[in-house]
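The values are calculated or read from the model by the stated rules, or taken from the named source; none is laboratory data. Since the model is a prediction, treat every value here as computed from it, not as a measurement. Neighbour counts run over all protein chains shown; Cβ positions are idealised from the backbone, glycine included.
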Amino acid sequence: MYRVWNFLTNYSLLLVIGAIIALIWANVDHASYEHFVEFVIVDDFFIGHLHDGHRTLTLHYLVNDVLMAFFFAIAAKEVWEAIILENGSLRGKKAATPLVATVGGMLGPIAVYLGLAAFLGSDIYDAVARGWAIPTATDIAFSYLVGRLVFGAGHPAVRFLLLLAIADDAGGLIILAIFYPSGELAPEWLLVSLAAAVAVFILANWLPRYLDRGNQLRPNSTWVRNKLSFWPYLIAACVSWYAFQESGIHPALGLLPIVPTIPHADRAFGIFSEAEVYLTDLLNHIEHSLKHPVEIVLFFFGLLNAGVAFSAISEPTWLVLAGLLIGKPLGIMLFGALAAHVLKLGLPAGMRTIDLFVIGCVAAIGFTVALFVASVAFPAGAVQDAAKMGALFSFGAAIVSIIAGRVTGVKKVED
């Protein structure tokens, strides 16, 4: 049973509130808003890899580089389960067409964004080219909610959309890691992250289970779970975060190598499923424990990143919107049709080819990840602000999706 509104309020409502407050604040008193964003928590603290190893810890750095790591860890958990579990949503032929459509949903926005930028001239292109990944993002929660409004809860296109959004998140994490380093690359530090992941997996996960083989009471695994709980993984996560910081890869991705090492259930009911709360494995226990802290983190993320003056609207705004509203639907429809009809992978029963276009319109809601990519793609300033405005305006894709659904004759299917 799916509780989309509960998920939306749990993970996104505070984010929206924070973004709205930021927009109002930045347009009423931009100077005080900027002062708040760059509020200094610690004037000089050791972080390594930066000049003499010291830097200023601001509120913006704390939220975007440190605390958002927990948000991306939750996203990674869903992607990991979708790939690794036997009933995972991204395994087997059922995921083939959505995965191919996801490729189109990323290449389409890139082509439109860069193509229009080139058309506007070399000066514009040079200024905005680094933001090519901003319109590739899809906000899972809001897209899923709008998808249900357009198609109805029981329509196969809704499940297709969810698979596509999860795969899009996975692609987004890869793009962030490879193309948007936070500093000079020092990839040897990734070996430290890998070592932390391997060590915690062997000592806290594999070894207790190995010692318990043949013993149904599982005394060693029980002792580790009851006495050590999540602490070994938290220590490994801190090491991995620091290693990512030192490697030059954005440290918000630093917990990703640790997520697969945590003991998890042999099944998953889905990111929006109420049944997920009844799984008691350590990975799900950690996710449930992080729910309220991540809500607060997302509030501050919206508050610290969405404060853009409306006067900042310029070419990057429209390029991001064009990438999302034009590139996403066309890319998903073309690649989805290629997979379904040319590659003979097919579509779910009850789903039409034209539904791929409507799904693309829904997936054009970028918001959370688009905001994050904008904040790392460009330095603070006019271009970043304009690109962020495009990410915020992508909420307009909800209206476009409803209109597209009616024009194409979508018949809602309720549970």
Please verify whether Ala370 is modelled with pLDDT of 95 or more and surrounded by 14 or more Cβ atoms within 10 Å (Cβ to Cβ), treating the condition exactly as stated.
no
Need pairs with beta-carbon distance below 7 Å; first residue at negative phi and within the range 152-163, second among the acidic types (Asp, Glu) and at pLDDT 85 or above; sequence gap 6+ or separate chains.
Ala157/Asp355
Could you tell me whether any residue of the range 310-331 is buried (at least 18 other Cβ atoms within 10 Å of the Cβ), without any contact (Cβ under 8 Å) to a residue 60 or more places away in the chain and hydrophobic (A, V, I, L, M, F, W, C)?
no
Could you name every one of the helices (runs of 4 or more DSSP H) located completely within the range 93-157 that has at least 3 residues being buried (at least 19 other Cβ atoms within 10 Å of the Cβ) and more than 21 Å from the chain's Cα centre (by Cα)?
96-119
Given (1) at pLDDT 95 or above; (2) over 18 Å from the mean Cα position of the chain (by Cα); (3) buried (at least 20 other Cβ atoms within 10 Å of the Cβ); (4) closer than 25 Å to Gly152 by Cα, identify the lone condition not met by Leu347.
(1)
Return yes when Ala337 is surrounded by 18 or more Cβ atoms within 10 Å (Cβ to Cβ), at negative phi, free of Cβ contacts under 8 Å to residues at least 24 places away in the same chain and part of a helix (DSSP H, G or I) and no when it is not.
yes
Condition met for Lys412 (basic (Lys, Arg), in contact (Cβ under 8 Å) with a residue 24 or more places away in the chain, surrounded by 24 or more Cβ atoms within 10 Å (Cβ to Cβ) and under 20 Å from Ala165 (Cβ atoms))
no
So if I check each of Ile296, Ile354, which one is surrounded by fewer than 18 Cβ atoms within 10 Å (Cβ to Cβ), modelled with pLDDT under 95 and aliphatic (A, V, I, L, M)?
Ile296
Index of the failed condition, Tyr144 passing every other in (1) of a type outside the set (A, V, I, L, M); (2) touching a Ser or Thr at 6+ places or on another chain (Cβ under 9 Å); (3) modelled with pLDDT under 90; (4) under 23 Å from Ile326 (Cβ atoms):
(2)
Which one is surrounded by the fewest Cβ atoms within 10 Å (Cβ to Cβ) among residues in the range 73-92 that are part of a loop (DSSP other than H, G, I, E, B) and of a type in the set (D, E, K, R)?
Glu86
Somewhere in the range 104-117, is a residue within 25 Å of Phe244 (Cβ to Cβ) and modelled with pLDDT under 90?
no
Of the residues in the range 47-80, those that are modelled with pLDDT under 80 and among the charged types (D, E, K, R) come to Asp52, Arg55, Glu78
Give me the pairs, please: first residue somewhere in the range 341-361 and part of a helix (DSSP H, G or I), second residue anywhere and among the charged types (D, E, K, R), beta-carbon distance under 7 Å, and either six or more positions apart or on two chains.
Gly360/Lys328
